[in-house]
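**Student:** Dropping a structure here in structure tokens format, bear with me for questions.
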Amino acid sequence: MKRGYLVLLIGLFVLTSIVSNQVEAAEKLESVLVVFPSPKAVSHSPFFVAEKLGYFEKEGLKMEWTTIPGGLEPQKAVAMGKAQFTFPAPSSLIVARQGQLPVRSVYALRQKWIFGFAAMRKSNIKTMADLKGKTIGGISESAGFIAKLMIVGSKDLSVSDITYQVVGANMAGPLAAGKVDAIYCWDTLFEQYKRQGLDVVWISGPEFNDYQSNVLSTSEQLMKEKPKMIQGFLRAVTKGVVFSIENPKATLKIIGGSDPQLTKDPDKAMVELEIANADFQSKLQAQHGFGYHSAKSWTLQAEGLKKLGEITKVLSGDQYFTNEFIAEANN
């Protein structure tokens, strides 16, 4: 009887120790808030994967994410220390630097130019030139930087040829209702619209082949004070990228487990994921690793924004981004 009681006590002690250690480990995790400028989507696959498979936790991090539409407001949150990372287009960060916000890109997740315009097929808008005299809708005022950047970079248009109008996050509604002629868009969102039954066409041009898209940016203060935390976060993201590329079916299952609505139509969700996975890769990435920044891309976009009058000076590349974390992120 005494022996049985002793075994029970030992068992309870071991169980208590395990629970205590688990609680202690959870308490030691550092919370990381990432602000996204658009709602969760299949194209955010690396983050879904890294969270589900414990990549963030292995780096001692607990990821949280929220959405604040636009590009500048999320970066203000990062600059003020209210969030650790955001996911802006380079143009938004370039304008933020013009406004003295102490933020820099640490990881170029989308290696390719993902932006363009979407128009209803029945509108007969098929090329950049067809946008002349048209009204283009966008999610926010700061998103207009990207729309106008494409216009000023086009061989067929000037900014005075179009009218930009903020229509909010539900851009498809005003487009379908004919309130705007086209909307600023990105490739995976365009795929979502097709999935929703919108008969839309994609409009872009070869002028933007050397441009990169969304990056992960953080504050310069965090870069100085917590470089190891940044390193761990980026390493977890990179693992998520690699898993997403190599295991698309398992990735969709993970995304669906987190948000079933995103994978309601598995076939179309897979198309969206394949587009996103292609965006993570480039010749530059193959040479230097996932997340590597193209100095040429930043210069081209900064020069375009200067032509628009959004900035007065093109800064050197290291004022916009750093590649110092890339080697270890790919380790």
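**Student:** How about segment 61-101: which of its residues are assigned to a loop (DSSP other than H, G, I, E, B) and buried (at least 16 other Cβ atoms within 10 Å of the Cβ)?
**Tutor:** Ile68, Pro69, Gly70, Gly71, Ala83, Gln84, Phe87, Pro88, Ala89, Leu101
**Student:** So which residues in segment 103-131 are part of a helix (DSSP H, G or I) and of a type in the set (Lys, Arg)? Before you say what the answer is, go through the steps one by one.
**Tutor:** Of all residues in segment 103-131, those part of a helix (DSSP H, G or I) come to 121-123, 128-131.
The answer is Arg121, Lys122.
**Student:** Sticking with this one: So which pairs qualify, if the first residue must be in segment 308-331 and buried (at least 17 other Cβ atoms within 10 Å of the Cβ), the second must be among the β-branched types (Val, Ile, Thr) and in a loop (DSSP other than H, G, I, E, B), the Cβ gap must be under 9 Å, and the two must be at least 6 apart or on different chains?
**Tutor:** Phe321/Val215
**Student:** Taking Gly99 and the conditions (1) at pLDDT below 95; (2) outside the structural domain of Gly257 (by TED's automatic domain parsing); (3) more than 18 Å from the chain's Cα centre (by Cα), which numbered condition does it fall short on, given that it satisfies the others?
**Tutor:** The single condition Gly99 does not satisfy is (2).
**Student:** Give Ala147, Ala129 a once-over and let me know the one that is surrounded by fewer than 19 Cβ atoms within 10 Å (Cβ to Cβ) and aliphatic (A, V, I, L, M). It would help to see each step written out before you state the result.
**Tutor:** Values: Ala147 fails: surrounded by fewer than 19 Cβ atoms within 10 Å (Cβ to Cβ).
Residue meeting the stated conditions: Ala129.
**Student:** What are the residues in segment 142-185 that are in contact with a strand residue (DSSP E or B) (Cβ under 6 Å, 6 or more places away or on another chain) and among the acidic types (Asp, Glu), if any?
**Tutor:** Asp181 - this is the single residue of segment 142-185 that is in contact with a strand residue (DSSP E or B) (Cβ under 6 Å, 6 or more places away or on another chain) and among the acidic types (Asp, Glu).
**Student:** Sticking with this one: Among the candidates Leu216, Leu273, Leu252, Leu262, which residue alone is among the aliphatic types (A, V, I, L, M), within 23 Å of Tyr320 (Cβ to Cβ) and assigned by TED's automatic domain parsing to the domain that holds Ser45? Steps first, please.
**Tutor:** On the way: Leu273 fails: within 23 Å of Tyr320 (Cβ to Cβ); Leu252 fails: within 23 Å of Tyr320 (Cβ to Cβ); Leu262 fails: within 23 Å of Tyr320 (Cβ to Cβ).
Just one listed residue meets the conditions, Leu216.
**Student:** Looking at Ala50, Ala25 in this structure, which one is at pLDDT 95 or above and farther than 20 Å from Gln261 by Cβ? Give the steps one after another, and end with the answer.
**Tutor:** Working: Ala25 fails: at pLDDT 95 or above.
None of the others qualify; the one that does is Ala50.
**Student:** Further question: For segment 205-245, give me the residue count where each residue is closer than 24 Å to Gly304 by Cβ and either of a type outside the set (Phe, Trp, Tyr) or assigned to a loop (DSSP other than H, G, I, E, B) (or both).
**Tutor:** Within segment 205-245, the first condition is being closer than 24 Å to Gly304 by Cβ, and the residues that meet it are 205-217.
With either of a type outside the set (Phe, Trp, Tyr) or assigned to a loop (DSSP other than H, G, I, E, B) (or both) added as a condition, the list becomes 205-207, 209-217.
Counting residues in segment 205-245 that are closer than 24 Å to Gly304 by Cβ and either of a type outside the set (Phe, Trp, Tyr) or assigned to a loop (DSSP other than H, G, I, E, B) (or both) gives 12.
**Student:** Could you check how many residues of segment 132-172 are assigned to a loop (DSSP other than H, G, I, E, B) and within 19 Å of the chain's Cα centre (by Cα)?
**Tutor:** Initially, segment 132-172 is screened for residues assigned to a loop (DSSP other than H, G, I, E, B), giving 132-134, 139-142, 154-158, 162, 167-171.
Next, only the ones that are within 19 Å of the chain's Cα centre (by Cα) stay: 139-142, 168-171.
Summing the residues that are assigned to a loop (DSSP other than H, G, I, E, B) and within 19 Å of the chain's Cα centre (by Cα) in segment 132-172 gives 8.
The values are calculated or read from the model by the stated rules, or taken from the named source; none is laboratory data. This is a predicted model, so every value here is computed, not measured. Glycine gets a Cβ as well: all are built from the backbone with ideal geometry, and neighbour counts include every protein chain shown.
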